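Just below is one structure, and these are the notes that go with it.
The values are calculated or read from the model by the stated rules, or taken from the named source; none is laboratory data. These numbers were taken from a predicted model, which means no experiment stands behind them. We place every Cβ from the backbone using ideal geometry, glycine too, and count neighbours over all the protein chains shown.
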Amino acid sequence: MSGEVFGNETRSSDNSPVKASEDVTIRRLVKNDVGLLREFFRGLSKRTLFWRFMSPVHEVSEKLLYQLADTKHDGHYALIAEHEENRHHQTVAEARYIRDQSDPEKCEFSISIADEMQGQGLGFSLLQFLERHASKNGVLEMTAETLRENTAMVRLAKRAGYSVVTNFADPRTVKLKKALNQPDSVSHGLPHTHVKIAA
């Protein structure tokens with residue numbers, strides 16, 4: 001596979017896996033990955049699961065797992081990140097955006113990272129990929145809602161240029177928003193590592 005090099009990053013086609021580090025690969029999620037999603041969510045701490053779904057979750061239902069893995073329609077784009085060690089692949093993150101059906105120029109994103117991989121720049125890398133894909137496909141605004149106590153997500157959003165606004169309908173949460181209509185609005189540069197096309 002090949003990609004175009006832009007400074008410290010390499011871009012590939014939407015379906016080509018890319019190396020986010022020496023041992024982490026980011027690729028597009030497909031319907032057959034439902035088992036990987038199940039294993040991933042089961043491995044998350046209660047706190048991380050709570051932050052992801054903003055409510056106490058003991059086990060992600062099969063119905064929801066299949067909904068999360070079903071990305072066949074244009075409005076749902078999802079990625080997973082896999083860590084490789086001793087030829088064993090483990091899912092360590094999932095990220096997605098879903099377009100607003102009433103306003104396709106807007107979408108809502110979500111990202112969840114395995115506890116042991118948090119704070120290493122993977123969330124920022126995934127958000128970059130989501131932004132580029134959304135912008136290329138006509139999305140002008142990316143949004144998200146997260147718990148106010150999820151300070152890691154709030155910091156990530158601020159770093160990527162999102163405004164953070166209190167949700168007065170639910171003061172426990174904040175709304176994140178970013179316009180993608182300007183070329184400079186999409187985050188550039190992947191942290192910590194040179195991104196390579198996976199072999």
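Please enumerate the residues belonging to segment 4-52 that are among the polar types (S, T, N, Q), modelled with pLDDT of 60 or more and over 17 Å from the mean Cα position of the chain (by Cα). Reasoning before the result, please.
To start, the set of residues in segment 4-52 that are among the polar types (S, T, N, Q) comprises 8, 10, 12-13, 15-16, 21, 25, 32, 45, 48.
So of that shortlist, the ones also modelled with pLDDT of 60 or more come out as 25, 32, 45, 48.
Of everything in segment 4-52, those that are among the polar types (S, T, N, Q), modelled with pLDDT of 60 or more and over 17 Å from the mean Cα position of the chain (by Cα) turn out to be Asn32, Ser45.
If the requirement is being under 17 Å from Leu127 (Cβ atoms) and either in contact (Cβ under 8 Å) with a residue 60 or more places away in the chain or in contact with a helix residue (DSSP H, G or I) (Cβ under 9 Å, 6 or more places away or on another chain) (or both), which of these qualifies: Arg27, Arg47?
Arg27
Any residue at all in segment 164-182 that's modelled with pLDDT of 90 or more, assigned to a helix (DSSP H, G or I) and either within 23 Å of Ala114 (Cα to Cα) or in contact with a Gly (Cβ under 8 Å, 6 or more places away or on another chain) (or both)?
There is no residue in segment 164-182 that is modelled with pLDDT of 90 or more, assigned to a helix (DSSP H, G or I) and either within 23 Å of Ala114 (Cα to Cα) or in contact with a Gly (Cβ under 8 Å, 6 or more places away or on another chain) (or both).
Tally up the residues in segment 139-153 that are more than 18 Å from Ile113 (Cβ to Cβ) and among the hydroxyl-bearing types (Ser, Thr, Tyr), please.
Residues meeting the conditions: 1.
Any residue in segment 112-126 that is free of Cβ contacts under 8 Å to residues at least 12 places away in the same chain and on the phi < 0 side of the Ramachandran plot?
Keep residues of segment 112-126 that are free of Cβ contacts under 8 Å to residues at least 12 places away in the same chain, which gives none.
Checking segment 112-126: not a single residue is free of Cβ contacts under 8 Å to residues at least 12 places away in the same chain and on the phi < 0 side of the Ramachandran plot.
Can you tell me which residue in segment 95-116 is farthest from Lys178 (Cα to Cα), limited to those that are surrounded by 17 or more Cβ atoms within 10 Å (Cβ to Cβ) and among the aliphatic types (A, V, I, L, M)?
Ranking the candidates gives Ala114 first.
Please work out which residue is farthest from Ser110 (Cα to Cα), limiting yourself to segment 132-150 and to residues that are at pLDDT 95 or above and either loosely packed, with under 14 Cβ neighbours inside 10 Å or acidic (Asp, Glu) (or both).
Glu141
Between Val57, Val92, which is surrounded by 21 or more Cβ atoms within 10 Å (Cβ to Cβ) and touching a helix residue (DSSP H, G or I) at 6+ places or on another chain (Cβ under 8 Å)? Give the derivation first.
Values: Val57 fails: surrounded by 21 or more Cβ atoms within 10 Å (Cβ to Cβ).
The match here is Val92.
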